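The values are calculated or read from the model by the stated rules, or taken from the named source; none is laboratory data. Source: prediction; values computed, not measured. Here the Cβ is made from the backbone with ideal geometry for all residues, glycine too, and neighbour counts use every protein chain on show.
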Amino acid sequence: MNDLKNSQLWQLILANARELLREPAVLFWGIGFPILMSLGLGVAFTKKKDVTVMVAVIGRNHLVHTLADSVSVIQSFLQNNRAVLKVGKDGSLSRELTVPDEKLGGTNYIFRDLSWKTAMVMLKRGNLNLVMDEAQGLIQYHFDPMNPDAQLTYLKFSKLMQDPELIIRPSETEIQPLDVTGSRYIDFLVPGLICMGVMMSCMWGVSYEIIEKRSKKLLRRMIATPMKRSNFLVALITVRIAMNFVESGLLFLFAWLVFHITIQGSVPALILFFISGNIAFAGIAVFLSCNTAKTEIGNGLINLVSMPMMVLSGIFFSYHNFPGWSIPAIQKFPLTMMADGVRSIFIEGAGFGEIMLPAVIMLATGVVFFTAGLKLFKWH
Amino acid sequence: MKQEAVIQVKNVHKSFKSVHAVKGINLEILPSQFLALLGPNGAGKTTLVEMIEGIQKPDSGEILITGKPWKGNEKEFRRIIGLSLQETRFIDKLRVFETLRLFASFFSLGAERCEEVMSLVGLEEKRQAYVVNLSGGQRQKLALGVALLNKPKILLLDEPTTGLDPQARREVWMILKKLKDASFTSLILTTHYMEEAEQLCDYIVIMDHGTILKEGTLHDLLGKSSADIEEKEEYRGPPRNLDEVFIELTGRHLNE
């Protein structure tokens, strides 16, 4: 027992663990933040609630009819369907029209009479995404066709214009919402968050730690002793992987309690896959930090590697939305590979057979980067 | 019988890009000798010590530790050398005892030795304090404690009292004096404080611009210096301390 206590690997592991656990910010960003993010996004995307959309109506007097005006199509639609006229604090007029929908969630339209210039400013600010204009009895819709929200507002409202009875009559289309476990957005999100957590934890917890210790000349002080150099890195990575198990476990526990998420595939396969993902990112982290003593450069390198993966690897939304030519490349990113594998175990019921190849690739990635990093490693 | 030197520096040169930091230095340190490398910033003291530590390699020349070169003997040397670097920061969130325990483990030493060292450097009361909460003097004592864990045969201290207040400096000196009395360790200490060199060391090497300007015991330096300059027209009597020796050698103060 005394031999273990006096062994340098054990003392290095203890030192790293103490350093980690005594830093409240680490606990917040490692455990609290992912849980808050899953809660926020989970609630936002699982409970369908009414949405409010603002629509700009260009030109004067579409909302209020005066004797001098001829009645416009928009005006008659709003008046016939009892859109409520409201006066804002600044004296501006708007009409509100609520279209209830029990299955998909209702839509509350707010129509505002605006000049073209004001409407464009509000569109740029994201306050509205649909602008309507009327010329000779024909309605023109202006919106960004690349914006799915704008497209949806257009489709819903133009349909309403054609069939105003939809406001009071439920849609005849038979919609059966899919909310079985595994098919919800939260089921897609949580495995992604776990994988992103592993990547970020390794990048900051291994890469940044090494660079910071080098900049403080602590690495140099350590290697001036008989410390085995590999022990230093093994201890750092061991503590980080253990911490990743705790962080991911707590996130899963939270998601299980709140959103009833389950693991449909093999748990041992998940553990193996999780370890290989950790090794891949730890290896990359050692490689990234092998040469610099400047934390500013470290920051840049970590962001350079992690940001593209965070955006492209399909953590929050499927990467299949990206152009087809880019998908084979995206699928080769370690984060994509890990997220795809973990998701397949969580929601598709995958086992060892399905994840073995990506697990081996990730393991090899980690070993290759770790070895290259060690070769180039500067201790001072 | 002449004692065998524990450190031999033979015609060592070292350059960094266009800066010739060390220019052909020769030096010998005997067992239990306390040697001060005295010189202003940029004199080449740290580079010389780093080469003795084995962290830097000389461009030319040779450094022998107990008669052997660094190459092939690194493991053995790491066990007998203790050192304190300029501006080393330990892990902020470790306690004093935990820091000593960590470094002790590198030498396969246990808690008992850590207790001894804490007592030697006077940090018993700070045993549970986090490193981040220590004062400058306490941190320096910790660095010294870490350097002494392995009961080093050779101790290299790079400006161990720079930035400390007079009280803290004196406390560090007391620890080093105890070490000197034990007559087990050879010390190389770099400093730009004359008083430190005068109080602690029995051999002083004055360096500037990568070369040794003068070396010897304090007595030698003061005596020799006065003899050297007696012939000069503006002779104003023998120098009274090392600062005056330095001014006579370089025309400026050591701290400039």
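Quick one: would you say A:Arg214 is in contact with a Lys or Arg (Cβ under 9 Å, 6 or more places away or on another chain) and either away from chain B (no Cβ under 14 Å) or at pLDDT 85 or above (or both)? First the steps, then the outcome.
Numbers: in contact with a Lys or Arg (Cβ under 9 Å, 6 or more places away or on another chain): yes; either away from chain B (no Cβ under 14 Å) or at pLDDT 85 or above (or both): yes.
For A:Arg214, the condition - in contact with a Lys or Arg (Cβ under 9 Å, 6 or more places away or on another chain) and either away from chain B (no Cβ under 14 Å) or at pLDDT 85 or above (or both) - is met.
A search for C-beta distances below 6 Å between a residue of the range A:202-228 that is free of Cβ contacts under 8 Å to residues at least 12 places away in the same chain and closer than 22 Å to A:Met310 by Cβ and any residue that is of a type in the set (Ser, Thr, Tyr) and surrounded by fewer than 19 Cβ atoms within 10 Å (Cβ to Cβ), counting only pairs 6+ apart in sequence or on different chains, returns nothing.
Go through the range A:1-59 and give me each residue that's within 30 Å of A:Phe157 (Cα to Cα) and either part of a helix (DSSP H, G or I) or within 10 Å of chain B (Cβ to nearest Cβ) (or both).
Taking the range A:1-59 and keeping what is within 30 Å of A:Phe157 (Cα to Cα), we get A:40-59.
Answer for the range A:1-59, where residues must be within 30 Å of A:Phe157 (Cα to Cα) and either part of a helix (DSSP H, G or I) or within 10 Å of chain B (Cβ to nearest Cβ) (or both): A:Gly40, A:Leu41, A:Gly42, A:Val43, A:Ala44, A:Phe45, A:Thr46.
Scanning the range A:321-359 for residues that are surrounded by 17 or more Cβ atoms within 10 Å (Cβ to Cβ) and among the hydroxyl-bearing types (Ser, Thr, Tyr) returns A:Thr336, A:Ser344.
For the condition modelled with pLDDT under 95, part of a helix (DSSP H, G or I) and of a type in the set (A, V, I, L, M, F, W, C), what is the one hit in A:Met338, A:Met307?
Numbers: A:Met338 fails: modelled with pLDDT under 95.
On inspection, the qualifying residue turns out to be A:Met307.
With respect to the conditions (1) surrounded by fewer than 16 Cβ atoms within 10 Å (Cβ to Cβ); (2) within 11 Å of chain A (Cβ to nearest Cβ), B:Arg101 lacks only one, and its number is (1).
Of the residues making up the range A:341-380, those that are touching a Gly at 6+ places or on another chain (Cβ under 6 Å) and not in a helix (DSSP H, G or I) are A:Gly349, A:Ala350, A:Gly351. Within the range B:60-85, residues that are away from every other protein chain (no Cβ under 12 Å) reach partners that are assigned to a strand (DSSP E or B) and among the acidic types (Asp, Glu) with beta carbons closer than 7 Å, at six or more positions or on different chains, in the pairs B:Pro69/B:Glu62. Selection over the range A:19-34 of residues that are surrounded by fewer than 18 Cβ atoms within 10 Å (Cβ to Cβ), at pLDDT 80 or above and either in contact with a strand residue (DSSP E or B) (Cβ under 9 Å, 6 or more places away or on another chain) or of a type outside the set (Asp, Glu) (or both) gives a count of 7. Checked against (1) out of contact with any His (no Cβ under 6 Å at 6 or more places or on another chain); (2) at pLDDT below 80; (3) buried (at least 21 other Cβ atoms within 10 Å of the Cβ); (4) among the hydrophobic types (A, V, I, L, M, F, W, C), B:Leu254 meets all criteria but (1). Return the total of residues in the range A:119-137 being free of Cβ contacts under 8 Å to residues at least 40 places away in the same chain and not in a loop (DSSP other than H, G, I, E, B). Final tally of qualifying residues: 4. Considering only the range B:17-31, I want to know if a residue exists there that is closer than 19 Å to A:Thr225 by Cα and outside any strand (DSSP E or B). Scanning the range B:17-31 turns up no residue that is closer than 19 Å to A:Thr225 by Cα and outside any strand (DSSP E or B). Given the structure, is A:Ser318 under 23 Å from A:Ile35 (Cα atoms), surrounded by 14 or more Cβ atoms within 10 Å (Cβ to Cβ), hydroxyl-bearing (Ser, Thr, Tyr) and in the same structural domain as A:Val234 (by TED's automatic domain parsing)? Taking the combined requirement at face value, the residue does not satisfy it.
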